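**Student:** Dumping the structure here so I can ask a few things about it.
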Amino acid sequence: MATPLEIFRLVAAEFAAVSDETVNVWLELTAPIVSRKRFGRVYNQALALLTAHRMKTAELVSAGQAGGEGALSELEAYKAAGVASYTSGGESVSFGSAALSGVVSPDADYAQTAYGTQYVALRNLYVIPIINSGEGVC
């Protein structure tokens, strides 16, 4: 069975320049969020995908804030951070966000990256949500 780091390296090749030590810290920080019991045999894959998602969103936001070579524009950074609208000078731009309609999905953050959407797809296959029909409740 592949380790979370091995899976991360396979699915998130864009982070090849990031050291194993740094990726392992991110994996450790993400591990409490991913249930080993619920994901079972695909736990390592779920952990790697969610870690890649968290690293990507952190990278997008910090690159936009720091500026410099390869940094996102301020507009791109705000969009990556999930901001619903942005105004600069006399121009205003809105992003197709659920926040605009007043309905925010608990999974909206995951839609910001391909890793997040893959994590949600995997989670939907393996994690059964709790449903309470209200029957038998006193």
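**Student:** Of the residues that sit in segment 11-26 and are free of Cβ contacts under 8 Å to residues at least 12 places away in the same chain and of a type outside the set (D, E, K, R), which one is nearest to F39 (Cα to Cα)?
**Tutor:** V25
**Student:** Can you tell me which residues in segment 1-50 are surrounded by fewer than 18 Cβ atoms within 10 Å (Cβ to Cβ), in a helix (DSSP H, G or I) and among the polar types (S, T, N, Q)?
**Tutor:** Once the filter is applied, which keeps residues that are surrounded by fewer than 18 Cβ atoms within 10 Å (Cβ to Cβ), in a helix (DSSP H, G or I) and among the polar types (S, T, N, Q), segment 1-50 yields T22, N24.
**Student:** Six or more apart or on different chains, Cβ atoms under 9 Å: show the pairs whose first residue is in segment 111-126 and touching a residue at least 40 places away in the same chain (Cβ under 8 Å) and under 21 Å from G40 (Cβ atoms) and whose second is of a type outside the set (A, V, I, L, M) and surrounded by fewer than 17 Cβ atoms within 10 Å (Cβ to Cβ).
**Tutor:** Once the first residue is touching a residue at least 40 places away in the same chain (Cβ under 8 Å) and under 21 Å from G40 (Cβ atoms) and sits in segment 111-126, its partners that are of a type outside the set (A, V, I, L, M) and surrounded by fewer than 17 Cβ atoms within 10 Å (Cβ to Cβ) give G116/D107; G116/D109; R123/R38; R123/D107; Y126/R38; Y126/G40; Y126/R41.
**Student:** Residues to consider are A17, A52, A58; find the one that is at pLDDT 95 or above and either farther than 14 Å from R123 by Cβ or touching a Lys or Arg at 6+ places or on another chain (Cβ under 7 Å) (or both).
**Tutor:** It is A52.
**Student:** Please go through (1) modelled with pLDDT under 90; (2) surrounded by 15 or more Cβ atoms within 10 Å (Cβ to Cβ); (3) β-branched (V, I, T) for V93 and return the number of the only condition it doesn't satisfy.
**Tutor:** Here V93 meets the rest and fails (2).
The values are calculated or read from the model by the stated rules, or taken from the named source; none is laboratory data. Source: prediction; values computed, not measured. A quick note on method: Cβ atoms are made from the backbone with ideal geometry, for glycine too, and the neighbour counts reach across all protein chains shown.
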